[in-house]
Every structure is written in C-alpha cells, then in structure tokens.
Amino acid sequence: MFEGLRFNHWNTGEDDDGIVTLTLDRAGSSVNAISRSMLDELAQIVERLAIEKPAGVILHSAKPSGFAVGADIKEFVEYARQDSVLENIEHGQQVYEALARLPCPTVAAVHGICMGGGTELILACQQRIAVDDEKTRIALPEIMLGIHPGWGGSARLPRMIGATQALQLMLTGRSLSARRALRLGVVDRLAAPEVLLIEAKHLLRRPRTAPFVRRLQAWASNTWPARQLLAPMVRRQTAAKVRKEHYPAPFAMIEVWRRGGSHMQQRLRLEARSVATLAQTSTARNLIRVFFLQERLKGQGAGTAAEIRQVHVVGAGVMGGDIAAWAAFKGFEVTLQDRELKYIQPALDRARQLYEKKLKSAVRVDEALRRLQPDVEGNGAASADLLIEAIYEDADAKRTLYAKLEPQFQASEILASNTSSIPLDALRTDLKAPQRFLGLHFFNPVAQMPLVEVVRHDQLDPAVEKRVMAFCKALGKLPVAVKGTPGFLVNRILMPYLLEALRLYGEGVPGPVLDREAKKFGMPMGPIELADTVGLDVCASVGKELAPFLKLDVPTTLGEKLESGKRGKKDGQGLYVWHDGKAQKPEVDKDYVMPADLQDRMILPMVNEAVACLADGVVDDADLLDAGVIFGTGFAPFRGGPIQYARSAGIDATRQRLEQLAKQYGERFRPRHGWDHPALAPNSSDQPI
C-alpha cells in the first residue's frame with residue numbers, strides 16, 4: 001500500500017485481513033514528541049489510506065515510555081519566534097481532521113504517557129483502547145503552558161464526553177488513569193499490555209457505541225443555549241482560581257468553546273486563532289520557559305538511585321516523619337527513629353492517611369506501611385544507604401547526633417541534614433567523612449512541594465551529590481543544587497519578603513490586604529497566611545538565623561505572638577484565628593486606604609536578594625535560580641521567576657525603584673551586590689529556552 005514512500009518516524013504494516021498498523025516511532029528520540037516532520041509524514045500516510053480504503057487502521061507507539069508526550073515544544077517556541085504559530089496549528093488540524101474523516105474504522109491503541117497533541121491524535125480516531133495499568137496517563141495539559149489544545153482537542157473532547165467534564169479536564173490539565181478515561185468515555189476499552197494490539201483488532205471489527213444517555217447528555221451540553229448558559233458559570237469558577245490578566249488561556253478556551261458551533265471547521269478555526277494569539281503573550285513565553293526549567297531540574301536527577309535502597313530518618317516530627325513516609329511511598333525501605341514510640345506514632349498515622357488517599361487499595365496501603373518501620377533504638381542507622389537527620393534547628397544538637405551516628409555507618413553511607421538554614425560549614429566540622437555529608441532540604445508539606453535543595457559544601461564528593469540527585473528524582477522531586485550559605489536559596493529569598501510583610505502588618509496594614517496584594521501579584525498564598533501556615537516559631541527561628549546575614553531585623557510582631565503561645569495554624573491562632581484548617585480573616589474597614597507602594601515593598605526585597613544569591617553563586621546560573629524560587633516558593637510562574645521578572649520590568653528601572661524605597665524606608669531596600677551580573681544584561685535570557 002505504501003510502495004515508494006519512505007518514512008523516518010512511522011512504521012507501517014498490513015496483515016492478511018487488510019488491517020493497517022501505523023506505529024509512531026520518532027527517529028533519534030526516546031519519546032514521541034510530535035513534530036512537523038512527523039505530521040508531514042502522517043499527512044502522506046492518511047492521503048494514501050483515503051485512496052486505498054483498508055479494512056481498518058490501528059495507531060500505536062513503539063516507544064516503551066508511552067504513546068506520545070505531546071507536541072514538540074521546542075518547535076512551538078520557534079513558531080512563536082517566527083510568528084508562524086497559526087500556520088503550523090492549522091497544518092496539524094488538517095492532518096488530524098483528514099485522519100478523522102477516513103472512510104475506514106480507526107483505533108488508537110494507547111500505553112503509557114499520552115499527552116497534549118498525542119491525546120488529540122487519539123481523539124481523531126474513531127475508537128480508543130488503552131492498557132489497563134498505572135502507567136497509562138491521558139491528558140490535555142496545554143493550559144499549563146499558557147495556551148490550550150490546538151489540534152482539535154477543544155473541538156472534539158466536549159462533544160465526545162460532554163462539555164462539563166471536558167472543560168474541567170482541559171482547564172486543569174489533569175491526567176486520567178486508564179480506568180477513569182474509560183468511565184468518562186475518553187477510551188472505549190481496556191486491555192492487558194501483552195494483548196493490546198490483538199484487542200485493538202477486535203475493537204476494529206466490533207466498534208463500541210457510547211450508551212445513548214451519555215451521547216444525549218454530551219449533545220445537550222454543547223447546544224447553543226447550553227453553551228451560552230454554561231460558559232459564564234465556568235468563567236466565574238475559573239476567575240475564582242486565577243486572574244485573567246495573569247493567565248489568559250483558560251478564559252480564551254472557554255470563549256472558543258462558547259462560540260464554537262455545530263460545524264467542525266468553525267470550531268477548529270476559532271481554536272487555531274486563539275492559540276496563535278496566546279502564543280505571543282508573556283504568560284505563554286514564561287510558562288514555556290518554566291516547563292523547560294522543570295525538565296532541566298528533572299535532568300539533574302538523571303542516573304540511578306539503585307545505590308540507595310534503605311533510608312534511615314532521625315527525627316519523627318512533621319518534616320522527618322513526612323520525609324520518611326514519602327520515601328516509603330516511593331518504594332524505599334525506611335526506618336524512622338525518635339526518642340520514644342509515642343513520638344513516632346503520629347508520623348505513622350499521617351503516613352497511613354497519605355497512603356489511603358493516594359493508593360486507594362488496602363493491600364497497597366499495607367505494603368507501603370510495611371516499608372516504613374519505627375526504630376526507637378536506631379538500628380537502621382548501621383545498615384542504611386542514606387541517613388537523613390531531621391531534628392530541630394540547633395547546630396550543637398546536630399553535631400552531637402552526628403558524633404553518635406557516624407561510627408555506625410557503612411563504608412559508603414551518606415549523611416544528609418534537612419536543616420533549613422544552618423550553613424553546612426558549621427555542621428561538618430567534626431565529621432570523619434565530610435565528603436559524604438550534604439544538605440537535603442525538603443519543604444512542607446513534603447507530599448505536595450516539588451522542590452528539594454541539595455546543599456553543597458567545599459568538601460562534598462560530586463559522586464555523592466549525583467547519587468542524592470538520583471534519589472530525589474526517584475522520589476518524584478525536583479532537585480536543585482545550592483551553596484551551603486545561610487538560608488541556602490529558597491529561605492534566603494523568601495525571608496526578606498516575609499519579614500517586610502510582617503513589618504507592614506506591625507505598621508497597621510491589615511493582614512487580608514497584604515495577602516490580597518501578594519496574590520494579585522501572583523503569589524499562591526499571601527505572606528500573613530503563609531507565616532501562620534509555616535509557623536510563627538519557624539519564621540522566628542529562620543529569621544533569627546538569617547537576619548544578621550541579610551542585615552534585616554525580625555519584627556517585634558513575631559516575638560509578641562510567640563510569647564502569648566500563638567504559633568499559627570498548628571495552634572489555631574497566630575496572626576489569624578484558624579478553624580478547621582482555614583484562616584478566619586477579619587473584615588477590612590471599607591474606608592481603609594492601602595499604601596500605593598505595598599506590592600513593591602513586599603516583592604522587590606525578594607528580587608533584590610535573588611540578585612545577591614546569583615552574585616554569590618548560591619546556584620549555578622540564573623535559570624536554576626528562577627526554577628528553584630518558582631518550585632520552592634510558588635513565585636508567580638507566569639512571571640518566570642524573580643530574575644526574569646526583573647528583566648521584564650527593566651533592570652535599571654527595578655534598581656532605581658529599590659533606591660527610591662531605600663531613601664523612603666531605610667537601608668534594607670538598598671540594591672544588594674550583583675546588579676551588574678552578566679545574567680542581568682539586556683537580552684541575556686529573554687527567550688523561553
């Protein structure tokens with residue numbers, strides 16, 4: 001059938017029954033990222049299929065990792081630079097629509113990862129079958145890049161499974177398991193991996209039709225009256241979560257769906273134009289940059305964690321207990337040590353809650369709990385590959401503990417401290433093997449926060465750092481290597497922001513106003529709520545540690561609250577009163593007039609300290625700094641990180657603004673060293689990659 005045609009990215013075959021198999025296999029790549037050349041070849045294949053009319057067509061992937069990771073983002077960046085996004089989006093739509101219109105049955109056989117443009121490809125097939133295992137994940141996550149589906153996803157999915165479910169999936173980018181995809185109607189059948197293609201042929205011969213009620217509901221939710229009624233509701237729900245000026249893509253996609261009629265070509269035309277417009281926004285450029293930064297952090301964990309199998313954690317408090325629970329959840333054998341079992345039990349209880357929420361199977365929950373063993377005597381220290389110390393923040397106490405533990409170690413055992421601010425030079429002084437000692441700073445809550453700071457010092461063995469980076473990746477975390485100076489990266493940059501917000505609070509600015517303005521800038525949580533959530537005692541401890549180094553004062557507000565026993569969320573009262581885990585924020589006087597420079601006073605100290613961190617070599621480069629701050633603090637991703645924000649606002653303008661604030665409020669705003677760093681030069685990094 002394909003005589004005379006040669007393909008680099010597709011393998012073709014035809015069996016005796018006239019069924020054609022198309023296998024995605026991008027040349028020179030371990031994954032299928034759908035490129036222009038892959039689409040060009042698919043266009044030729046589909047054109048031939050339309051002429052030959054085989055008995056059926058099966059699409060599947062030759063890559064072990066999965067069906068397709070989505071469109072080639074690097075190519076998309078180039079299209080945006082060349083202002084050719086619209087033409088390339090329309091080209092992809094035409095290829096997929098030609099596939100959808102083939103006069104023969106088509107089935108997509110899915111295994112592993114199926115994202116973005118890969119999901120849109122399977123939606124263009126008449127039927128879909130997926131491997132019934134945990135590795136299968138299907139999603140349309142384009143919204144996370146500041147755009148939305150552009151190869152027919154927003155045109156097809158709402159009509160297939162109903163607008164309500166489809167919009168929720170596309171607006172969140174949430175991935176579906178195989179079984180969830182089956183329940184929603186995204187796939188039609190499930191199969192074991194070894195019989196996927198056999199079952200795909202059965203599905204070709206006996207296509208499944210969605211139940212009448214589901215088809216009726218899907219149709220009804222996409223009629224013109226339904227779209228005009230539902231769109232404002234979805235828009236309001238979205239506006240409650242994100243601001244349109246920060247993240248325009250969700251609102252643009254809702255509008256594309258609202259305006260899209262019954263004609264497929266109209267829906268595709270609206271979709272393509274919308275994506276082309278979004279591609280030129282600063283939000284899309286920054287979110288795509290953040291995507292590549294995330295991939296870079298993942299790459300830093302490249303390697304194998306096989307050398308680390310057993311982990312011993314000392315300190316069963318919130319951080320130590322949750323680190324131990326997460327490591328066991330990810331398959332490591334873990335022992336958890338504290339003075340008495342009564343101090344370990346709360347951590348075991350939290351672990352069970354985590355496992356029940358994540359695993360949803362009593363057998364798997366029990367398996368995970370068996371990997372997490374209480375160890376009051378500390379016997380696990382002698383057999384562990386990695387020991388993580390997570391006791392309270394006191395350098396003398398930590399050194400005393402190390403002196404007891406290190407003589408028990410195996411020859412290659414690694415010692416890591418979860419210290420959040422103490423310089424490693426102050427902790428490694430008496431160690432016999434300082435080359436196998438480093439910081440491993442997790443963030444609270446451990447199960448949710450993606451970043452881990454891998455803290456270096458001048459005697460650290462690079463091979464040990466690499467082993468720990470691989471361990472972090474095996475935990476599903478994003479590791480960033482940082483210099484072991486006070487506060488490392490995240491706390492050093494975050495603390496000036498928190499302390500200035502607390503100073504403003506002490507000056508009489510209402511907490512809800514400070515929180516509102518921080519969120520308006522794009523922070524995920526306001527500083528007053530954050531201080532209560534972290535704990536005022538923790539803020540005071542870290543602030544006391546860092547204040548001399550940063551030449552800042554700890555506001556008296558913290559001391560006053562702590563003296564009265566109000567540490568924040570964990571006590572039910574701090575700067576706010578807390579009830580059922582939620583802050584009860586007081587009403588702000590309607591006549592209150594907010595200071596005009598409130599945002600600058602909170603945000604610019606972070607930017608100022610980020611520049612100093614860059615100059616001090618706390619991280620290897622500006623991109624890693626931005627990545628660490630985004631994934632460690634939630635710094636507005638659409639702004640690209642503090643360094644990228646300064647570039648966008650203008651380096652000279654930002655520095656001058658700090659000078660103005662210094663004249664008005666004091667030396668703490670004076671521009672720190674590093675504003676002449678080469679990474680801050682014009683056009684030093686104004687592109688996503």
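Rule-based calculations on the coordinates, nothing more; no lab input. The structure presented is a predicted model; accordingly, all values stated were derived computationally and were not measured. Methodologically, a virtual Cβ is constructed for each residue, glycine included, from the backbone with ideal geometry; neighbour enumeration extends over all protein chains shown.
Debye calculation, C-alpha points only, no solvent: report log10 I(q)/I(0) for segment 389-452 at q = 0.15, 0.18 Å⁻¹, in the same order as the q values.
-0.47, -0.66
Please tell me which of these pairs span more than 18 angstrom C-alpha to C-alpha: Lys298/Lys466; Lys357/Lys585; Lys298/Lys330; Lys544/Lys663?
Details: Lys298/Lys466 12 Å; Lys357/Lys585 29 Å; Lys298/Lys330 16 Å; Lys544/Lys663 25 Å.
Exceeds cut-off: Lys357/Lys585; Lys544/Lys663.
Report the per residue volume, in Å³, of the convex hull enclosing the C-alpha atoms of segment 299-412. Before the final figure, lay out the partial values.
Values: hull volume 13.9 nm³, N = 114.
So the per-residue Cα hull volume is 122 Å³.
Over the C-alpha atoms of segment 607-680, what are the Rg and the largest Cα-to-Cα span, Dmax, in Å?
Calculated on Cα positions, Rg and Dmax stand at 12.0, 34 Å.
Under 14 Å between alpha carbons, and skipping anything fewer than 8 positions from Lys360 in its own chain: which aspartates and glutamates qualify?
Glu134
Along the positive direction of the dipole of segment 1-47 (beta-carbon charges: Lys, Arg +1; Asp, Glu -1; about the Cα centre), which of Val20, Val46, Ser30 reaches farthest?
Farthest towards the positive pole: Ser30.
Using the Cα atoms of segment 448-547, I'd like the radius of gyration and the largest Cα-Cα distance, Dmax, both in angstrom.
16.5, 51
Using the Cα centre as the reference, give the magnitude of the dipole from point charges on the C-beta atoms of the chain (Lys, Arg: +1; Asp, Glu: -1; all else neutral), rounded to the nearest 20 debye. Intermediate values should be presented prior to the final figure.
Values: 88 positive and 82 negative charges, 443 e Å.
Dipole about the Cα centre, nearest 20: 2120 debye.
Mind checking which aspartates and glutamates have their Cα closer than 15 Å to the Cα of Lys135? Skip sequence neighbours fewer than 8 apart in that chain.
Correct list for Lys135: Glu194.
Based on Cβ point charges of +1 for Lys and Arg and -1 for Asp and Glu, what charge dipole magnitude is obtained for segment 344-422 about its Cα centre, in debye rounded to the nearest 20?
Numbers: 11 positive and 13 negative charges, 100 e Å.
With only Lys, Arg, Asp and Glu charged at Cβ, the dipole is about 480 debye.
Output needed for segment 258-309: three equivalent-ellipsoid semi-axes, defined as square roots of 5 times the C-alpha gyration tensor eigenvalues, in descending order, whole Å. Present the calculation step by step, with values, prior to reporting the outcome.
Values: eigenvalues 320, 49, 9 Å².
Semi-axes, largest first: 40, 16, 7 Å.
Tell me which lysines have Cα within less than 23 Å of Lys342's Cα, excluding those fewer than 8 residues away on the same chain?
Hits, sequence-local ones excluded: Lys398, Lys404, Lys569, Lys570.
Please list, ordered by chain and number, the residues whose modelled amide H lies under 5 Å from the amide H of Ala108; skip anything fewer than 5 residues away on the same chain.
Excluding prolines and chain starts, which carry no amide H, the hits are Leu59, Gln127, Arg128, Ile129.
Provide the FRET efficiency to the nearest 0.05 for the Gln82-Val363 pair, computing r from the beta carbons and using R0 = 45 Å.
Working: r = 53 Å, r/R0 = 1.19.
The computed FRET efficiency comes out at 0.25.
For segment 45-104, rounded, prolate or oblate, judged on the Cα gyration tensor with a ≥ b ≥ c (square roots of eigenvalues), a/c < 1.5 rounded, else prolate if a/b > b/c?
On the way: a/c = 3.85, a/b = 1.51, b/c = 2.55.
Since a/c reaches 1.5 but b/c is at least a/b, the shape of segment 45-104 is classed as oblate.
Add -39500 (n - 2.57) for each DSSP H run of 4 or more in the chain, then divide by its residues: what number comes out at 222 nm, to the nearest 500 deg cm²/dmol? The partial results should precede the final answer.
Working: 27 runs with 334 residues, N = 689.
Theoretical 222 nm ellipticity from helices: -15000 deg cm²/dmol.
Across 10 Å bins from the origin, how do the percents of Cα pairs in segment 10-280 run, short distances first?
Calculated P(r), rounded to whole percents: 7, 31, 38, 20, 4, 0.
If the viscosity is 1.002 mPa s and the temperature 20 °C, what Stokes-Einstein diffusion coefficient in µm²/s follows for segment 216-323 when Rh is the Kirkwood radius over Cα pairs?
118
Which three extents, in whole angstrom, do the alpha-carbon atoms of segment 63-193 cover along their principal axes, largest first?
In descending order, the Cα extents are 44, 33, 33 Å.
Using unit Cβ charges (K, R positive; D, E negative) and no other charged atoms, how large, in debye to the nearest 20, is the dipole of segment 607-680 about its Cα centre? Kindly include the intermediate steps, with their values, before the conclusion.
On the way: 8 positive and 10 negative charges, 84 e Å.
Using Cβ point charges on Lys, Arg, Asp and Glu, segment 607-680 gives about 400 debye.
For segment 231-293, what is one quarter of the convex hull surface built on the Cα atoms, given in nm²? Write down the numbers at each step before the final one.
Values: hull surface 19.3 nm².
Result: a mean projected hull area of 4.8 nm².
Using 1/(1 + (r/R0)^6) with R0 = 45 angstrom and r between the beta carbons of Gln228 and Ser648, what's the FRET efficiency to the nearest 0.05? The partial results should precede the final answer.
On the way: r = 37 Å, r/R0 = 0.83.
After rounding, the FRET efficiency stands at 0.75.
Take the alpha carbon gyration tensor of segment 15-84, find the square roots of its eigenvalues, order them as a ≥ b ≥ c, and report rounded if a/c is under 1.5; if not, report prolate when a/b exceeds b/c, else oblate. The partial results should precede the final answer.
Numbers: a/c = 3.72, a/b = 1.65, b/c = 2.25.
Note, shape of segment 15-84 comes out oblate.
Per 0.36 nm of contour for each residue apart, how much would the distance between Asp16 and Ile198 grow if the chain were fully extended, relative to their Cα-Cα spacing?
Numbers: separation 182, 0.36 × 182 = 65.52 nm, distance 1.40 nm.
Full extension from Asp16 to Ile198 adds 64.1 nm.
May I ask what percent, to the nearest 5, of DSSP beta bridges between residues of the chain are antiparallel?
Details: 15 of 63 bridges.
Roughly 25 percent of the DSSP beta bridges within the chain come out antiparallel.
Give the peptides 514-523, 315-324, 336-345 in descending order of average Cβ contacts within 10 Å, highest first. Intermediate results must be reported in sequence, preceding the final value.
Numbers: 514-523: 19.7, 315-324: 24.6, 336-345: 17.7.
My ranking of the peptides, most packed first, is 315-324, 514-523, 336-345.
Which shape class, rounded, prolate or oblate, goes with segment 1-120 when its Cα gyration tensor gives a ≥ b ≥ c as root eigenvalues, a/c under 1.5 marks rounded, and past that a/b bigger than b/c marks prolate?
Numbers: a/c = 1.90, a/b = 1.44, b/c = 1.31.
It comes out prolate by the Cα gyration axes.
How long are the semi-axes of the equivalent ellipsoid of segment 352-433, taking √(5λ) for every eigenvalue λ of the Cα gyration tensor, in whole Å from largest down?
30, 16, 10
Report the per residue volume, in Å³, of the convex hull enclosing the C-alpha atoms of segment 164-273. Working shown, then result.
Values: hull volume 15.6 nm³, N = 110.
Enclosed volume per residue, from the Cα hull, is 142 Å³.
Over all directions, the average projected area of the alpha-carbon convex hull for segment 509-555 comes to how many nm²?
3.7
Debye calculation, C-alpha points only, no solvent: report log10 I(q)/I(0) for the chain at q = 0.05, 0.08 Å⁻¹, in the same order as the q values.
With one equal scatterer per Cα and no solvent, log10 I(q)/I(0) is -0.28, -0.71.
Any chance you could check the Cα centroid distance between segment 518-554 and segment 236-286 for me, in angstrom?
36
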